[in-house]
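> Pasting in a structure now, in structure tokens, and then I'll have a few things to ask.
The values are calculated or read from the model by the stated rules, or taken from the named source; none is laboratory data. Just so we're clear, the structure is a prediction, and the values are computed from it rather than from any experiment. When we count neighbours, we look across all protein chains shown, and the Cβ atoms used for this are built from the backbone with ideal geometry, even at glycine. Accessible surface is based on the protein model in full, side chains and every heavy atom, while ligands, DNA and RNA are left aside. Shrake-Rupley method; radii C 1.70, N 1.55, O 1.52, S 1.80 Å.
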Amino acid sequence: MSFLTARWEQLVMLNYRVDPALLADRVPKGTELDPHGGDHWCSLVGFLFLETRLKGIPVPGHQDFEELNLRFYVRRGDKRGVVFIKELVPKWAIATVARLAYNENYVSMPMGHRIDERVTYTFGDDGELSAEPVGEPRALVEGSHEEFIAEHYWGYAKQRDGGTVEYRVEHPPWRVRDAIRPLFRAPPELYGTQFVELLSGTPDSAFVAEGSAISVEPGERL
């Protein structure tokens, strides 16, 4: 049975070229940084977590909420995966379960969202991640930048003892729309001083993915 099932929808993805030295000590054992197009990337991703069930059971008051994460990209053999630097959710219980199950760096804080001509996620006192989708949704092109960012089906989490947990995330390929006027605003302490300069700049690319039903499988130690 899947550990978690849900729908992920309205994924705003702001993507930044990053110096791999900034990520080196965060790479889980057994994986390596995975570049694309000659560059290394990290992404801010905000989205709606809907119809959430843990091991098939809906938890009252914890089915629909927002998430925002900062992630980068690794590879283990032919498995393309992501590593999360920090994940924000508004539900304390969700954050606690994720930390216990996978040792993921989840933090709970007040969050909200608006969907009109822009897709906007708010967090904390004055934090915001948003962008304005334009054009019609389109299928991902194999080998494209958007396909590299959106189509990762493995997660890797460094453990307290130095080991690594690997878990699979399953979903059909997503359709995406271009996005203009991306915005990210957050206090500098949210991700630490080492990321302030990177994330205060204009992202190198931005798009919005429609999303789909997803499942997260139980983790296994490497």
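> Under 12 Å from the Cβ of Gly163, count the other residues' Cβ atoms, weight Lys and Arg +1, Asp and Glu -1, and hand me the total.
Spelling it out: positives minus negatives among the neighbours equals +1.
> Next question, about the same structure. Give, as a single signed number, the net charge of other residues whose beta carbon lies under 10 Å from the beta carbon of Val82, with Lys and Arg counted +1 and Asp and Glu -1.
Numbers: positive: Arg71, Arg80; negative: Asp34.
Combined, the nearby Lys, Arg, Asp and Glu give +1.
> Another question about this same structure. Using a Förster radius of 30 Å, what is the FRET efficiency between Leu222 and Ser144 based on their Cβ-Cβ separation? Nearest 0.05, please.
Numbers: r = 29 Å, r/R0 = 0.98.
So the FRET efficiency works out to roughly 0.55.
> For region 41-163, what is the charge dipole size about the Cα centre, in debye to the nearest 20, if Lys and Arg each add +1 at the Cβ and Asp and Glu each add -1 at the Cβ?
780 debye
> Distance in nm between label sites at Asp19 and Ile115, each 7 Å beyond Cα in the beta-carbon direction?
In this crude label model, Asp19 to Ile115 measures out at 3.9 nm.
> At most 16 other C-beta atoms within 10 Å and a DSSP loop state: those are the exposed trypsin sites (Lys or Arg not before Pro) I care about. Give me the longest piece of the chain that has none. Intermediate values should be presented prior to the final figure.
Numbers: sites that count: Lys29, Lys55, Arg160.
Within the chain, the longest run free of exposed trypsin sites (Lys or Arg not before Pro) spans 56-159.
> Could you look at the chain and say what percent of its accessible area is carbon and sulfur, using a 1.4 Å probe and all protein chains?
51 percent
> Tell me the relative contact order for the chain as a rounded percent, counting alpha carbon contacts under 8 Å between residues six or more apart. Please report the intermediate quantities before stating the final value.
Values: 541 pairs, mean separation 56.9, N = 222.
Across the chain, relative contact order equals 26 percent.
> Still on this structure: Around Tyr106, what is the net charge, scoring Lys/Arg as +1 and Asp/Glu as -1 over all other residues with Cβ under 12 Å from its Cβ?
0
> Right, next: Please calculate how many Å² of accessible area the chain carries per residue, with a 1.4 Å probe and no DNA, RNA or ligand atoms counted.
47 Å²
> Mark the label point 7 Å from the Cα of Glu189 along Cα→Cβ and return the residues of region 122-155 whose backbone N is within less than 13 Å of it.
From region 122-155, the list is 125.
> Run the simple label-point estimate for Arg26 and Arg80 please: 7 Å along Cα→C-beta, distance reported in nm.
2.0 nm
> Tell me the label-point distance for the pair Glu136, Asp161, using the 7 Å Cα-to-Cβ offset, in nm and rounded to one decimal.
Distance between label points: 5.4 nm.
> Lysine pairs in the chain with Cα distance under 24 Å, only those 8 or more apart or on different chains: how many are there?
Close lysine pairs under the 24 Å cut-off: 9.
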